[in-house]
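This report refers to the structure that appears directly beneath it.
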Ligand code: FES
């Protein structure tokens, strides 16, 4: 019942570091919403893989350590994100595991809603 909590840090383009706690099994989008993080426009499609506003940039090390690899659908949607990098992911597709405590991800400066 008592699911383990992991701490995640979102680093904004202006250098602000937003720390939040999430539960194992939550997506990074859940963490942003549940913690009411101040990330304008983030997660516009509520995790239905149609917006790319939940674009996050990982370090190479973090990217390689994530247990689930991006699906075709995620990669297609990432193609529509601004500032795409080789280590970009969609926050709604990253699911927290116990090992991810201390995870740090970068939030790109611009958010593109692929639906508009
Ligand atoms: Fe829209 Fe992730 S929240 S693609």
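No lab work stands behind these numbers, since they all come straight from the coordinates. Note that the structure is a prediction, hence the values are computed from the model and not measured.
What number in nm² do you get for segment 54-93 if you take the convex hull of its Cα atoms and divide its surface by four? Intermediate results must be reported in sequence, preceding the final value.
Working: hull surface 10.1 nm².
If I average the Cα hull's projected area over directions, I get 2.5 nm².
Tell me, in nm to one decimal, what length is gained between residue 20 and residue 79 on full extension, where the rule is 0.36 nm per residue of separation less the Cα-Cα distance?
On the way: separation 59, 0.36 × 59 = 21.24 nm, distance 2.74 nm.
Net length gain for the segment: 18.5 nm.
Dividing the mean sequence gap of close Cα pairs (under 8 Å, 6+ apart) by how many residues the chain holds gives a relative contact order of 39 percent.
Remark on the chain: ratio of C-alpha radius of gyration to 2.2 N^0.38 Å is 0.96.
Helix-only arithmetic for the chain: the sum of -39500 (n - 2.57) across DSSP H runs with n ≥ 4, divided by the residue total, places the mean residue ellipticity at 222 nm at -4000 deg cm²/dmol.
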